[in-house]
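Please treat every number below as a calculation from the coordinates, not as lab data. Since the model is a prediction, treat every value here as computed from it, not as a measurement. FYI the Cβ positions are ideal-geometry reconstructions off the backbone, even for glycines, and counts take in every protein chain you see.
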């Protein structure tokens, strides 16, 4: 016999829930789905949650998804820029929020154990609405006030 065992203490994890997805992905999805304004929301999440969010709910679309590597088709420049920033410890929050607003992404999720960002993003047009999984913070676009 050749090769190495793929199941070991380092690679095996007990499932966290019946969905066999990270609990944080479920919690994030539940927050977004509870606040849907239409049949679907487009959100931005850290790289490690790209596949898990979509497996849990089709009501949530991602600005960039598994196709971020261009496996199926090319992605747009804005999507690439946000994806690259979300991979940095100190992402350019202004760039991410500007593109998010332009692309109608009401939600942005940051991993607080990795991303070093200001806690208050109101100057960028987003407010903190929830935490999930102990390491994730969910921000929602602040609604624009309409004149009377």
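Table for the structure above
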{"item": "Mean Cβ neighbour count within 10 Å, used as a protection proxy, ranking 40-49, 85-94 highest first", "result": "40-49, 85-94"}
{"item": "Modelled FRET efficiency - R0 22 Å, residue 116 with residue 23, Cβ distances, 0.05 increments", "result": "0.40"}
{"item": "Förster radius 41 Å - calculated FRET efficiency between residue 131 and residue 102 (Cβ-Cβ, nearest 0.05)", "result": "0.95"}
{"item": "For the range 23-141: span of alpha carbons on each principal axis (Å, largest first)", "result": "35, 28, 25"}
{"item": "Cα centroid separation - the range 88-148 against the range 29-44, whole Å", "result": "14 Å"}
{"item": "Gain on full stretching of the segment that runs from residue 76 to residue 89 - 0.36 nm per residue minus C-alpha separation", "result": "2.4 nm"}
